[in-house]
Amino acid sequence: MIADEEFWRLVAVLGGRPEVQDDRPYERLTAVLAEEPVERIIGFAETLAFKLYELDRRVLARAVPPGGDQLTEDGFLYARCAVVVAGPAAFDAVLADPAAFGRFTTVEAAHAESILDVASNAYQTMTGKEWEHVEEYDYETGSNEQWW
């Protein structure tokens, strides 16, 4: 993993607006990471996985998007991605108050799932090789047994 300050500095490249339907911020972050040593790319992936794992909680999964049904497993993962893309203040707010999670459950915020590909794309850009790294923390829905 990388230090939280460094992780959030890199995430800030995305602009803090998960609802924006634009791939350019993710391409910028990929380019920034591709200039880093492989260890930092892996560290980014590990830290992202851990942050998503921390947000993997039943109380959050039960959130209902505005005007919709309960989130699917993928929808819940994408909403957690949106929280991370929004930055450390949003991340801390959601952990402190699950009611703050609702704004990240919109269809538009689901585009934040693009953050999941940043490390592997940066690695492939840098090395020309396929990404085969498996993160220590599983961020798939329901993996954080402590909070389910």
- Note on the structure: Given 110-117, 97-104, the highest-first ranking by average Cβ count within 10 Å works out to 110-117, 97-104
- Shape call, region 105-148: gyration tensor on alpha carbons, a/c limit 1.5: oblate
- Message: When a/c reaches 1.5 or more, the comparison of a/b and b/c decides; with that in mind, is region 17-80 rounded, prolate or oblate per its Cα gyration tensor?
- Response: oblate
- Message: Quick check: net charge around Arg28, other residues with Cβ under 15 Å of its Cβ, Lys/Arg +1 and Asp/Glu -1?
- Response: -3
- Would you mind telling me the share, in percent, of accessible area of the chain contributed by carbon and sulfur at probe 1.4 angstrom? 48
- Semi-axes of region 1-107 from the Cα gyration tensor (sqrt of 5 times each eigenvalue, largest first, whole Å) come to 25, 15, 12
- Message: Rounded to whole Å, give me the distance from the Cα center of region 75-121 to that of region 122-147.
- Response: 17
- Query: Over region 26-86, what is the mean sequence separation of C-alpha contacts under 8 Å (at least six apart), divided by residue count, expressed as relative contact order in percent?
  - Reply: 25
- Message: Give me the dipole magnitude in Debye, nearest 20, for the chain about the Cα centre, with unit charges on the beta carbon: positive for Lys and Arg, negative for Asp and Glu.
- Response: 460
- Query: Does region 55-148 come out rounded, prolate or oblate by the C-alpha gyration tensor, with a ≥ b ≥ c the root eigenvalues, rounded set by a/c under 1.5 and, if not, prolate when a/b is larger than b/c and oblate if not?
  - Reply: prolate
- Note, region 15-32: 3J(HN,Hα) by Karplus (6.51, -1.76, 1.60, θ = phi - 60°), whole Hz, Gly/Pro = x, goes x, x, 10, x, 7, 6, 8, 8, 7, 4, x, 5, 5, 5, 5, 4, 5, 4
- Could you point to the residue in Ala93, Leu52, Ser120 farthest towards the positive end of region 1-129's charge dipole, with +1 and -1 charges on the Cβ of Lys/Arg and Asp/Glu respectively? Ala93
- Query: How much length is gained on full extension from Trp148 to Arg40, taking 0.36 nm per residue of separation minus their Cα-Cα distance?
  - Reply: 35.8 nm
- Query: Residues of region 1-140: accessible area per residue at 1.4 Å, in Å²?
  - Reply: 51
- Query: If you add up the charges near Leu52, with Lys and Arg at +1 and Asp and Glu at -1, over every other residue whose beta carbon is less than 10 angstrom from its beta carbon, what do you get?
  - Reply: -3
- Note on the structure: A correct Karplus calculation of ³J(HN,Hα) over region 78-85, with 6.51 cos²θ - 1.76 cosθ + 1.60, θ = phi - 60°, whole Hz and x for Gly and Pro, returns 5, 5, 5, 4, 4, 4, 5, 4
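The values are calculated or read from the model by the stated rules, or taken from the named source; none is laboratory data. Source: prediction; values computed, not measured. Here Cβ is always computed from backbone atoms with ideal geometry, including for glycine, and neighbour counts include all displayed protein chains. Heavy atoms of the whole protein, side chains included, go into the accessibility calculation; ligands, DNA and RNA do not. Shrake-Rupley method; radii C 1.70, N 1.55, O 1.52, S 1.80 Å.
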